[in-house]
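Contents: one structure, followed by commentary.
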Amino acid sequence: MKAAIFQNRKSVRRFSATGVNETTLRQLIDFSEKLPFFHAPIKQQFIWINGKEWISETLSKFLLSYGKIISAPYMLAPFFESELAAPIEIGYQAEHIVLKATELELGTLWVSTEDGTNLIKEAIIAATKETKDSLPVKFLNKITGNIETIIKDMQLPAIVLLGYPSDKRLDRIINNAVRMESAGNSRKKLETILTTNRQDKLSDKLRKIFNLALLAPSQKNQQPWRIRMTNQGFDLGFLHERQLDFGIFLAHIKIALDDGNIQYRMEKIDEKMNDVEWSARIILS
Ligand SMILES: Cc1cc2nc3c(=O)[nH]c(=O)nc-3n(C[C@H](O)[C@H](O)[C@H](O)COP(=O)(O)O)c2cc1C
């Protein structure tokens with residue numbers, strides 16, 4: 001994947017009524033089934049759902065202040081078993097999917113579910129039972145076993161919405177306006193993210209990679225990331241317990257390093273210092 005794709009990814013909140021063709025969708029779902037983990041496998045279950053009305057109805061139950069999301073046709077619900085490092089792995093994998101979707105010209109939006117996890121679980125379970133009350137939804141990937149049992153004890157701090165961005169003029173204007181209003185179009189300067197350690201080790205190539213990676217999305221655009229240069233490469237960390245945002249950033253760093261033909265090894269570290277949780281070490285060779 002080319003890191004230049006980071007520049008095309010922008011959160012979309014107004015989607016088009018046009019569905020995504022079967023081949024494109026299959027490509028994306030197949031891609032999501034073969035993703036590597038950053039450090040170690042976790043127990044997870046991605047659930048892909050198609051159903052504009054169902055998604056809209058489900059989101060409206062808990063995203064009271066977000067009437068801004070219109071007509072999203074697809075939802076990716078990445079469920080996982082509670083483990084300390086699990087949100088990092090989920091952010092890492094799901095952001096790969098977001099970027100692949102961007103490559104396929106789809107629009108995406110990460111949505112934090114916070115108090116909505118149980119509502120989504122209930123809505124999914126109801127939809128599988130096809131009761132009179134459930135709205136039409138199509139499950140796009142194979143889920144082996146009973147969904148109810150699978151997701152009952154799993155976590156879901158965020159979902160990803162996908163679909164073509166609306167090409168209506170007014171929707172495009174609103175999309176951009178919401179992005180501006182939530183300051184989604186601005187990014188912190190690398191100097192704010194980089195600690196003062198060993199800055200002599202920062203080459204122009206790495207500077208370029210970091211600046212590209214900093215286009216990653218994060219909840220409320222907080223960009224809670226830190227980079228620390230080391231003798232052999234650099235370490236990556238995060239603030240405010242934002243493991244999910246960290247996994248997202250890590251996916252961008254990995255794709256940018258690969259695209260830059262840089263030889264490296266990525267390791268998990270676990271070092272809490274002041275407010276920063278240093279969690280990944282990149283050793284350049
Ligand atoms: C984990 C996560 C949760 C998010 N939750 C929401 C949300 O609930 N509602 C929303 O409108 N945007 C949400 N966003 C989108 C961010 O606001 C957006 O990514 C950020 O402002 C940067 O803008 P950009 O994605 O257009 O570059 C979320 C992003 C992430 C990564």
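The values are calculated or read from the model by the stated rules, or taken from the named source; none is laboratory data. Keep in mind it's a predicted model, so treat the numbers as computed, not measured. Every residue, glycine as well, gets a Cβ built from its backbone with ideal geometry; the counts of neighbours run over all protein chains shown.
Please identify the pairs in which a residue from the range 45-70 that is buried (at least 20 other Cβ atoms within 10 Å of the Cβ) has its Cβ atom under 6 Å from the Cβ atom of a residue that is modelled with pLDDT under 80, counting only partners at least 6 apart or on another chain.
51/136; 54/135
Residues checked against (1) surrounded by 20 or more Cβ atoms within 10 Å (Cβ to Cβ); (2) over 24 Å from residue 100 (Cα atoms); (3) hydrophobic (A, V, I, L, M, F, W, C):
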residue: 179; (1), (2), (3): no, no, no
residue: 184; (1), (2), (3): no, no, no
residue: 187; (1), (2), (3): no, no, no
residue: 219; (1), (2), (3): no, no, no
residue: 222; (1), (2), (3): no, no, no
residue: 235; (1), (2), (3): yes, yes, no
residue: 241; (1), (2), (3): no, yes, no
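Does residue 191 qualify as being within 15 Å of residue 55 (Cβ to Cβ), surrounded by fewer than 17 Cβ atoms within 10 Å (Cβ to Cβ), away from the ligand (no atom under 13 Å from the Cβ) and not β-branched (Val, Ile, Thr)?
no
Could we say that residue 153 is touching a residue at least 24 places away in the same chain (Cβ under 8 Å) and away from the ligand (no atom under 16 Å from the Cβ) here?
Against the criterion (touching a residue at least 24 places away in the same chain (Cβ under 8 Å) and away from the ligand (no atom under 16 Å from the Cβ)), residue 153 qualifies.
So for the range 219-233 (the condition being modelled with pLDDT under 95, touching a strand residue (DSSP E or B) at 6+ places or on another chain (Cβ under 6 Å) and away from the ligand (no atom under 15 Å from the Cβ)), does at least one residue qualify?
no
Consider only pairs whose beta carbons are under 6 Å apart and that are at least six residues apart or on different chains; among these, list those whose first residue lies in the range 106-127 and is at pLDDT 90 or above and whose second residue is more than 10 Å from the ligand (Cβ to nearest atom) and assigned to a strand (DSSP E or B).
Hits for this filter: 106/162; 107/165; 108/162.
Only residues that are touching a Lys or Arg at 6+ places or on another chain (Cβ under 9 Å), under 17 Å from residue 127 (Cα atoms) and part of a loop (DSSP other than H, G, I, E, B): list them for the range 45-86, please.
Once the filter is applied, which keeps residues that are touching a Lys or Arg at 6+ places or on another chain (Cβ under 9 Å), under 17 Å from residue 127 (Cα atoms) and part of a loop (DSSP other than H, G, I, E, B), the range 45-86 yields 51, 73.
Go over the candidates 95, 114 one by one and state the one that is more than 21 Å from residue 33 (Cβ to Cβ), within 16 Å of the ligand (Cβ to nearest atom), in the same structural domain as residue 24 (by TED's automatic domain parsing) and not hydrophobic (A, V, I, L, M, F, W, C).
114
Only one of (1) more than 11 Å from the chain's Cα centre (by Cα); (2) farther than 28 Å from residue 172 by Cβ is not met by residue 93, so which one is it?
(1)
Could you check how many residues of the range 179-207 are within 26 Å of residue 110 (Cα to Cα) and part of a loop (DSSP other than H, G, I, E, B)?
Looking only at that region, the number is 8.
Tell me the residue from 253, 151 that is among the β-branched types (Val, Ile, Thr) and outside the structural domain of residue 89 (by TED's automatic domain parsing), please.
The conditions single out 253.
Hey, any hits in the range 43-60 for a residue that's of a type in the set (Phe, Trp, Tyr), away from the ligand (no atom under 16 Å from the Cβ) and out of contact with any Pro (no Cβ under 6 Å at 6 or more places or on another chain)?
Yes, the range 43-60 contains a residue that is of a type in the set (Phe, Trp, Tyr), away from the ligand (no atom under 16 Å from the Cβ) and out of contact with any Pro (no Cβ under 6 Å at 6 or more places or on another chain).
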